[in-house]
Each structure stands twice: as structure tokens, then as C-alpha cells.
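Participant: Dumping the structure here so I can ask a few things about it.
Please treat every number below as a calculation from the coordinates, not as lab data. Fair warning: this is a prediction, and the values are worked out from it, not measured in the lab. Neighbour counts are summed over all protein chains in view; Cβ atoms, including those assigned to glycine, are modelled from backbone coordinates with ideal geometry.
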Amino acid sequence: MLALSPFTSPPETEAQLLAQAKRLAGYTLGELAALAGMPVPRDLKRDKGWTGVLLELWLGASAGSKPEQDFAALGVELKTIPVDNLGRPLETTFVCVAPLTGNTGVVWETSHVRHKLKRVLWVPIEGSRDIPVAERRVGSPLLWSPNEEEEQQLRLDWEELMDLIVLGQVTRITARHGEVLQLRPKAANSKALTEAIGEHGEPILTLPRGFYLKKNFTSALLARHFFLSSY
DNA sequence: GATTGATCATAT
DNA sequence: ATATGATCAATC
């Protein structure tokens, strides 16, 4: 029998949240899904957010689609991150949608990116596609805030990208811009359009974009944690 | 094999 | 269309 049950209400402290996340380490997604009464999809092709929702449930996050941090009372954001057998990220990490209009005068200090990343509970999950979803294991969690260097890296990339957006260059931005933070499409499909600023300052329609953390960034922060926890 | 651009589900 | 949760898969 598993001495484990999902939170039915949000955790009241960071310590409580982290403790519960630590309890989940080592369990498989299949075990956690069964205890939560959730069916396990064969793969994640049509259930890309399934793992995130499962962990939200187990950790007592305000499930669903509220434009808030997952643990609003604690100011903590939950991110599951798929990793390989060495704990390296297999995917980039979505942060938030990029505002493409109304950006005159915006600054890093009050940006959505900075707010989202102020405090993050990272939960690594085995993500190799050759491991059946139900057999993938939850890894050791990490409660993280950007250090000075990370914050600076993020700020520089964000400022470069936002400058291009404000200057009407959004359609010229590719995922190659930015060292640790990149801008990529974030949409249902390539026909979903949103308003942006064109190269002559005119309104245009373009693909919605999102900010994503590149793997070099998340890989480093997870590696640091792994290194430190091995002592 | 890694990366960039595209895409999937669901709720509001 | 926008927000939440992300991974897929064509291409380099």
C-alpha cells in the first residue's frame, strides 16, 4: 500500500509544498495516475499537458486555466520538465505568452517573464519516448529562484526580444534569438493569428508567440541542484 | 541528433 | 482568441 495521497487543498507553506513534491519522487506516473483515478494516455501526442495536470493535482495547485501562479498564496509556479536518463532536459520550457502590442514603456522589472520565474518548483519527469508514459518516474524536485547571473541573462534576452517586438520586427524574430530565452510560436496551429506591430508601425496579424527557456538554461539549473544534492 | 517552427487538449 | 498545461515532428 502506498502511504500517499494527493493534496485536496493548496499547501500553506513552501516547506509543505516541497515536502509533498519530495514524497512523489520515485513514483511512476502510472502509480500517481491510478491513485488519482486518472487514465494514462498511451503517449502524449494528444495529451501534451497531461503530466503537468497530474502533478498539479498531487501538489494541490489551483488546477486549470487561471492566469495566476499555480500556488498564488505562496507566489510559486509549478513546472514539470521532461528529462533524459542523465537528468538533462528533453524540451524547452514554456514561460508565458509574449505581448505583441501595448509595449511602449514596458520594463523587465514588471514583466510577465520575471514574475513567472521569480519562484519555480521544478519537477523533473523521465521523458524519453521509449519509456511508456505509465512507467516514467518522477524525479527529485527543486525549488528555485534565479540567481544574479540567471536574472541578468534572462533580462538581456527579454530586452532584446521586446525591443524587436516594439520596433515592428516580430516576424523577423526566430528561435535563434536569445541565449537562454527564446521566442517561438505558441498557438493552436499556424492559422491562429493575433495582432502585432508591423515594420512601419502599422497593425498586422501574426502568429501568437511565447517565451521559452532554452535547454542550456534549465539544464544548468538542474545540474547545479543535482551536484549540490549529491553531498 | 538537436533545434525550430508547428501543434494538441481544454476551459473561459 | 486567450489562458492553462506542454510535446511533436519536419528540417537542419
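Participant: I'm checking a number: the convex hull volume of the Cα atoms of chain A, normalised per residue, in Å³. What is it? Mind dumping the intermediate values first?
Facilitator: On the way: hull volume 31.9 nm³, N = 231.
Looking at chain A, the number lands at 138 Å³ per residue.
Participant: Using just the helices of chain A, give the 222 nm mean residue ellipticity in deg cm²/dmol: DSSP H runs with n ≥ 4 each add -39,500 (n - 2.57), and the total is spread over all residues, rounded to 500.
Facilitator: Details: 6 runs with 69 residues, N = 231.
Calculated at 222 nm, the ellipticity per residue is -9000 deg cm²/dmol.
Participant: Counting other C-beta atoms within 10 Å, and keeping those with at most 16, which DSSP coil GluC sites (Glu not before Pro) do you find in region A:1-104? Before the final figure, lay out each step's value.
Facilitator: Working: sites: A:E12, A:E14, A:E31, A:E56, A:E68, A:E77, A:E91; in loops: A:E12, A:E68, A:E91.
Taking region A:1-104 and a limit of 16 other Cβ atoms within 10 Å, the loop GluC sites (Glu not before Pro) found are A:E12, A:E68, A:E91.
Participant: Distance between the C-alpha centers of region A:70-101 and region A:153-199? Whole Å please.
Facilitator: Computed from Cα coordinates, the inter-centre distance equals 18 Å.
Participant: Treating only the Cβ of Lys, Arg, Asp and Glu as charged (+1, +1, -1, -1), what charge dipole size does chain A show about its Cα centre? Round to the nearest 20 debye. Walk me through the numbers on the way to the answer.
Facilitator: Numbers: 26 positive and 27 negative charges, 132 e Å.
Result for chain A is approximately 640 debye, rounded to the nearest 20.
Participant: Projecting each Cα onto the charge dipole of chain A (Lys/Arg +1, Asp/Glu -1 at the beta carbon, about the Cα centre), which of A:L54, A:P39, A:T218 comes out farthest on the positive side?
Facilitator: A:P39
Participant: Using a Cα-Cα cut-off of under 25 Å, which lysines could be cross-linked to A:K45, ignoring same-chain neighbours fewer than 8 residues away?
Facilitator: Within the straight-line limit of under 25 Å, A:K45 reaches these lysines: A:K66, A:K79, A:K186, A:K191, A:K214, A:K215.
Participant: Among DSSP bridges having both ends in region A:1-151, what percentage is antiparallel? Round to the nearest 5.
Facilitator: Working: 7 of 14 bridges.
The antiparallel proportion sits near 50 percent.
Participant: To continue, here is another question. When a/c reaches 1.5 or more, the comparison of a/b and b/c decides; with that in mind, is region A:128-198 rounded, prolate or oblate per its Cα gyration tensor?
Facilitator: Working: a/c = 3.19, a/b = 1.39, b/c = 2.29.
The shape class here is oblate.
Participant: Trypsin sites (Lys or Arg not before Pro) within region A:71-121: which are DSSP loop residues with at most 16 other Cβ atoms inside 10 Å? Don't jump to the answer; show the numbers that get you there.
Facilitator: Values: sites: A:K79, A:R114, A:K116, A:K118, A:R119; in loops: A:K118, A:R119.
Here the sparse-neighbourhood loop sites are A:K118.
Participant: Kindly provide the Kirkwood hydrodynamic radius of region A:78-199 in Å, to one decimal, from all pairs of distinct alpha carbon atoms. Could the numbers behind the result be given before it?
Facilitator: Details: mean 1/r = 0.0613 Å⁻¹.
Taking every pair of different Cα atoms in region A:78-199, averaging 1/r and inverting gives 16.3 Å.
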